[in-house]
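S.K.: After the structure tokens below, expect a handful of questions from me.
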Amino acid sequence: MTSTQQPRIAIVTGGGNGIGRATALKFAEAGYGVAVWDLAEQAAEEVVSAITAAGGVAIARKVDVSKPEDCVAGVAAVLERFGRIDVLINNAGVVRDGQLVKVKDGQVVGQMSADQFQFVLDVCLKGVFNCTQAVVPTMIAQKYGRIVSTSSVVALYGNFGQTNYVAAKAGVVGMTRVWARELGRYGITANAVAPGFIATDMVKSIPEKVYNALIEHTPVGRAGLPDDIARAYLFLADDKSSFINGAILSVDGGSVIGT
Ligand code: ADP
């Protein structure tokens, strides 16, 4: 994993569930010290217990990524425990779907509320900004860092009922490209992963017909698994991935090809 003696240290936001959980476990398995950050404290602690039981090293912390002060305090706690921060995986996310304007029988019957829009932006876009800004001074001092953020294939192609989520995920693409330019000179890379259809709690509510259609539009013929995304994070976070900077890696079974 690393050419130095000291193990690499990774923060995984939203590490308590789904893709984040799989990612925290994968990094620990690969020898990283892991900080599991999540709004759901108990979930984060459970992941740390699983890592510890498997012989890994991890700490849990309740962090609301939408609050800059939480992120700054979280960084201080990681530095106190591990002394460095090599990798930030910006994974925490939420959805609050709703149409821009909902129409029934020719009548406008609803709309995405301003709060609904703002809530998703606060976590999925501002949260990525907050966490990255909190870790970057440490990475600059180290002259080493890997920032990997979670976009989505919907950032490139849109998605019905997701103005808020798509805006945030498209914003992640933009921020990643800015950071790739601003931070590359300090040995820091910034990349994003764009997951396609991944079988997690977030998609459990999808009707069977829609689920089947999604699979049909995925050339590899299956939904993605959290581990598929965790692998991509691990690859982009690797020491040897130092020339990959500003990339948006689709991990979607090829589904966007036909979009
Ligand atoms: P996915 O399908 O992307 O894995 P999940 O809902 O399973 O989605 O996981 C998202 C994680 O992000 C959850 O563990 C959730 O608690 C966490 N999360 C949501 N909002 C925040 C927030 N504001 N700060 C930190 N973590 C958050």
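S.K.: Using packing as a proxy for protection, rank 19-30, 79-90, 39-50 so that the peptide with the highest average count of other Cβ atoms within 10 Å comes first.
M.R.: Order by mean packing, descending: 19-30, 79-90, 39-50.
S.K.: May I pose another question? Please list, by residue number, every one of the trypsin sites (Lys or Arg not before Pro) in the range 147-204 that is coil in DSSP and has at most 14 other beta-carbon atoms within 10 Å.
M.R.: On the way: sites: Lys169, Arg177, Arg181, Arg185, Lys204; in loops: Lys204.
The qualifying sites are Lys204.
S.K.: Report the local net charge at Gly56: Lys and Arg +1, Asp and Glu -1, summed over other residues whose C-beta lies under 12 Å from its C-beta.
M.R.: Values: positive: Lys26; negative: Glu29.
That works out to 0.
S.K.: Explain nothing, just the number: relative contact order of the range 122-257, from Cα pairs under 8 Å at least 6 residues apart, as a whole percent. Write out the running numbers ahead of the final one.
M.R.: Numbers: 197 pairs, mean separation 40.0, N = 136.
After rounding, I find 29 percent.
S.K.: Length gain on complete extension for the stretch Gln99 to Tyr211, per 0.36 nm per residue less the alpha carbon to alpha carbon distance? Intermediate values should be presented prior to the final figure.
M.R.: Values: separation 112, 0.36 × 112 = 40.32 nm, distance 1.97 nm.
38.3 nm is the gain from fully extending Gln99 to Tyr211.
S.K.: Within the range 9-252, what percent of beta bridges assigned by DSSP are antiparallel, to the nearest 5? Please list the in-between numbers first.
M.R.: Values: 4 of 34 bridges.
Taking every DSSP beta bridge with both residues in the range 9-252, the antiparallel ones total about 10 percent.
S.K.: Now a separate question. How long is the gain from Thr52 to Lys67 if the chain were fully straight, where each residue apart is worth 0.36 nm and the alpha carbon distance is subtracted?
M.R.: Stretched out fully, the Thr52 to Lys67 stretch lengthens by 2.6 nm.
S.K.: Calculate how steeply helix 226-237 sits against the longest principal axis of the alpha-carbon atoms of the chain, using the helix alpha-carbon long axis, and give the answer as 0 to 90 degrees to the nearest 10.
M.R.: Roughly 50 degrees, rounded to the nearest 10.
S.K.: So how tilted is helix 41-53 from the main axis of the chain? Cα-based, degrees 0 to 90, rounded to 10.
M.R.: For helix 41-53, the angle is close to 50 degrees.
S.K.: As an exercise, use a Förster radius of 25 Å and the Cβ-Cβ distance of Arg222 and Arg185 to find the FRET efficiency, rounded to the nearest 0.05. Numbers along the way, then the final one.
M.R.: Numbers: r = 41 Å, r/R0 = 1.63.
It comes out at approximately 0.05.
S.K.: Here's another thing I want to ask about it. What full-extension length gain, to one decimal in nm, is calculated for Gln107 and Asp238 as 0.36 nm per residue of separation minus the Cα-Cα distance?
M.R.: Working: separation 131, 0.36 × 131 = 47.16 nm, distance 5.30 nm.
Between Gln107 and Asp238, full extension yields 41.9 nm more.
S.K.: Got the relative contact order for the range 1-71 handy, in percent, Cα pairs under 8 Å and 6 or more residues apart? Write down the numbers at each step before the final one.
M.R.: Values: 136 pairs, mean separation 20.1, N = 71.
Result for the range 1-71 is 28 percent.
S.K.: Which of the lysines could a cross-linker bridge to Lys204, judged by Cα under 29 Å and excluding same-chain residues fewer than eight apart?
M.R.: Of all the lysines, those that pass the test against Lys204 - Cα under 29 Å, at least 8 places apart if same chain - are Lys26, Lys62, Lys67, Lys102, Lys104, Lys126, Lys169.
S.K.: In percent, what relative contact order does the chain have, based on Cα pairs under 8 Å that are 6 or more apart in sequence? Don't skip to the end; give the middle numbers.
M.R.: Working: 527 pairs, mean separation 47.8, N = 259.
It comes to 18 percent, rounded to a whole number.
S.K.: For the chain, take every pair of Cα atoms, bin their distances at 10 Å starting from 0, and report each bin as a whole percent.
M.R.: For the chain, the binned pair fractions read 7, 31, 36, 19, 5, 1, 0 percent.
S.K.: Still on this structure: Which order, highest average first, do 143-150, 236-243 follow once you tally other Cβ atoms within 10 Å for each residue and take the mean per peptide? List each step's numbers first, then the result.
M.R.: Working: 143-150: 23.9, 236-243: 15.5.
Result, highest mean first: 143-150, 236-243.
S.K.: What aspartates and glutamates could a cross-link reach from Lys143, if we take a straight Cα to Cα line under 12 Å and drop same-chain neighbours fewer than 8 places away?
M.R.: Asp86
Each reported figure results from applying straightforward, stated rules to the coordinates on display, with no laboratory input. Everything numeric in this text was worked out from a predicted model, so none of it was measured. When we count neighbours, we look across all protein chains shown, and the Cβ atoms used for this are built from the backbone with ideal geometry, even at glycine.
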